[in-house]
Structures are given as C-alpha cells and as structure tokens.
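Let me begin by presenting the structure, written as structure tokens, before commenting on it.
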Amino acid sequence: LREHEEFTKVKNIATIELGKYEIETWYFSPFPPEYNDCTKLFFCEFCLNFMKRKEQLQRHMKKCDLKHPPGDEIYRHKTWSMFELAHDVSQPYVDGKKNKIYGQNLCYLAKLFLDHKTLYYDVDLFLFYVLCECDDRGCHMVGYFSKEKQSEESYNLACILTLPPYQRKGYGKFLIAFSYELSKKEAKVGTPERPLSDLGLLSYRGYWTRVLLDILKKHKGNISIKELSDMTAIKAEDILATLQSLELIQYRKGQHVICADPKVLDRHLKAAGGGGLNIEVSKLIWTPYK
Ligand code: ACO
Ligand code: ZN
C-alpha cells in the first residue's frame, strides 16, 4: 500500500545541487513536510544534509568538517574509495547518530532516482556502501548500494544507484561486482532484492553475462551450475536464467546441462561489451558484519 502511494505521488523536487553538479531528478521522494514548497534542494556533497537556499549551503560548507562519507574505508584503489556505513550505536568507534542522519539523507537522495522501491527509513537494518572518486578536495560520491545486515532471502543488495552525472561509465557494474565480492567473503550466494528497475535489470544481466561467459570461455570440460555459483557467489537461479537467455542450456534427462559451444561463446562475448571498471580484490579489506 505504502509503495502504491509513493508511486502515484507527483515529483516534488525537480533539481538538486550536489558538489559541482546540478542534477535533474527522476521521481518523487518523501522529504519532510517543511520542504514541500521547494522545487530545488542544495545538498552538502559530504554529509548529504540538504538545504533550501544556496546561501545556506555556502554557510554550511564553511563549517562542515566531513570530506568523505562517515564510515570505514574498506577499499581504496587509484582514485576510488569505498566506505562502509553501519548505524550501530552500540559500536563505540562509529558515531551511530551521525551515520544515521547520513543514511537517511542518502535514502532521500536515492529515492529521487528510484521509482519502484519503498524507502525503508529504518536504516539500522542496512549497511551502506558508498563509492567515491577522491581528489584533493575530498571524496565525491559516485554511487552507492545498500545491503540488509541479515537477509532471509539471500539478498546481497537492496538498492543500487549511480548518480546521473556518473552513469554509463561502468560504475553500476563495479558496484554490482563489489556486492558479489562481499558475498564471496561471507561464503554465501547472493541475489539483488526484487523488483529490479529496467536499468537495474540491464546492468545485472550485463554483469552476469560477462562473468559467466568469461569462466565458460576459460574452463575446459564440463561445469555445473552449482560449480559456477560457488565460484561467483551468483545464485543458481540467476545463472540458469542468464544462460538460458544466451541459449547455452539444454534440458537432458530431467537436468539442465550447460552446452558451451566455443563459437556461440565467442559471439556472445563480442556482443557483451567491455567489463567496465575492475575491482582490485586485494585492496578490499573487510570482514563480514556480525
Ligand atoms: N540505456 C541503455 N542501457 C543502459 C543505460 C541506459 N541509459 N544505463 C545502463 N545501461 C546498461 C548497459 O547495458 C550497461 O552496460 P554497457 O555500458 O556495457 O552497455 C549496463 O547497463 C551497466 O552500465 P554501467 O555504466 O555499469 O551502470 P551505471 O553506472 O549507469 O548504473 C544503474 C546502472 C545503477 C542501474 C543506474 O542506471 C541507476 O542508478 N539507475 C537509477 C536507479 C535504479 O534504477 N537502480 C536499480 C534499481 S533495482 C535495485 O536497486 C535492486
Ligand atoms: Zn556537510
């Protein structure tokens, strides 16, 4: 019901300012009522606090002491860093309260570009992974994904967003790949929370296709869906659906069998395009959340 209500609401905020970008929004986002009269909001790119007027933001920037998202840096390679945010007030080394406000601000911001998702304001249940491009002025958010701390359905990603100025540069695939690297470290298979948006589905299909084709191309001899799943942390159902859409599956004696004809693989690989930004796995310093 809540989701339906949000679906039918008209877009309120038309543009936002964030760092050096002015960005047109896509969808409604339920900002607090005092922002009802605004069509433009000004975000601090570091703490994600939002304001009604440019002058307020300018005053804020003079005293805001954040230069990166408030969390642990768990990955750094070249100019890219990933920060993990938990809002656990019981953990003394993170400022749970500060992080919580950041998480809420991030949800408000993300909803401007996510149509089909109900926003969960209970940010305590989620971890946030914020990807930044860093320079001498600070770490600038490129995109993020959220992940439930505990998932019964083996979801390894709840919401994913690349900010519009950074889209179509491979960051989406990077974020997806990152979510599977975390799953590998947890020794679990994962899958994104459904439903997926059109762009989300395209990105996931692209990622799954690329990863599976690369393995099939290198692998000699037979391989099962279970083995592929163990190697990639991709859930068996997603592997099956991907390989079926590539027509690499046959059904024999009541079983799905992978038929990876090298010519067919090459044709698909050519069509699959570039892999985008690669994760330098050795630079990921992370232990699973408990
Ligand atoms: N038109 C056509 N294809 C596209 C487009 C587009 N505008 N954008 C992405 N794609 C496809 C392409 O196949 C692309 O691969 P290619 O460049 O090799 O052809 C693939 O998606 C991934 O592209 P990336 O550059 O890696 O992804 P990007 O950084 O643009 O992020 C994302 C993708 C996160 C889905 C982005 O479009 C976005 O933030 N959208 C708004 C929010 C959203 O819909 N999130 C997913 C919701 S589902 C969920 O959260 C579980
Ligand atoms: Zn700030």
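Can you name the helices (runs of 4 or more DSSP H) wholly within the stretch 188-290 that have at least 3 residues being surrounded by 12 or more Cβ atoms within 10 Å (Cβ to Cβ) and in contact with a strand residue (DSSP E or B) (Cβ under 8 Å, 6 or more places away or on another chain)?
Correct list: 198-218, 236-245.
When residues of the stretch 1-34 are filtered for being modelled with pLDDT under 90 and either over 21 Å from the mean Cα position of the chain (by Cα) or aromatic (Phe, Trp, Tyr) (or both), how many remain?
Result for the stretch 1-34: 11.
Look through the stretch 17-53, keep the residues that are under 17 Å from LEU66 (Cα atoms) and in a strand (DSSP E or B), and return whichever of them is farthest from ligand 1 (Cβ to nearest atom).
Step by step, filter the stretch 17-53, then rank; the result is MET51.
Can you tell me how many residues within the stretch 212-236 are in contact with a Gly (Cβ under 9 Å, 6 or more places away or on another chain) and not charged (D, E, K, R)?
2
Considering the stretch 67-117 alone, what residues qualify as being assigned to a strand (DSSP E or B) and either modelled with pLDDT of 95 or more or within 15 Å of the chain's Cα centre (by Cα) (or both)?
If the condition is that a residue be assigned to a strand (DSSP E or B) and either modelled with pLDDT of 95 or more or within 15 Å of the chain's Cα centre (by Cα) (or both), then GLU73, ILE74, TYR75, ARG76, HIS77, TRP80, SER81, MET82, PHE83, GLU84, LEU85 are the ones that fit.
Applying the selection to the stretch 169-222, what residues are of a type in the set (Gly, Ala, Ser), within 18 Å of TRP80 (Cα to Cα) and within 7 Å of ligand 1 (Cβ to nearest atom)?
GLY170, GLY172
Does the stretch 120-172 hold any residues that are outside any strand (DSSP E or B) and within 16 Å of ligand 2 (Cβ to nearest atom), and which are they?
The answer is ARG137, and nothing else.
Is it the case that some residue within the stretch 264-280 is in contact with an Asp or Glu (Cβ under 7 Å, 6 or more places away or on another chain), closer than 24 Å to SER154 by Cα and of a type outside the set (Ser, Thr, Tyr)?
Looking through the stretch 264-280, at least one residue is in contact with an Asp or Glu (Cβ under 7 Å, 6 or more places away or on another chain), closer than 24 Å to SER154 by Cα and of a type outside the set (Ser, Thr, Tyr).
SER154 fails exactly one of the following numbered conditions: (1) loosely packed, with under 14 Cβ neighbours inside 10 Å; (2) on the phi < 0 side of the Ramachandran plot. What is the number of that condition?
With (1) loosely packed, with under 14 Cβ neighbours inside 10 Å; (2) on the phi < 0 side of the Ramachandran plot applied to SER154, the lone miss is (2).
Within the stretch 35-56, track down each residue that is within 10 Å of ligand 2 (Cβ to nearest atom) and more than 20 Å from ASN12 (Cα to Cα).
Once the filter is applied, which keeps residues that are within 10 Å of ligand 2 (Cβ to nearest atom) and more than 20 Å from ASN12 (Cα to Cα), the stretch 35-56 yields GLU45, PHE46, CYS47.
The values are calculated or read from the model by the stated rules, or taken from the named source; none is laboratory data. These figures come from a predicted structure and were not determined experimentally. As a convention, Cβ positions derive from the backbone with ideal geometry for all residues, glycine included, and neighbour counts pool all protein chains shown.
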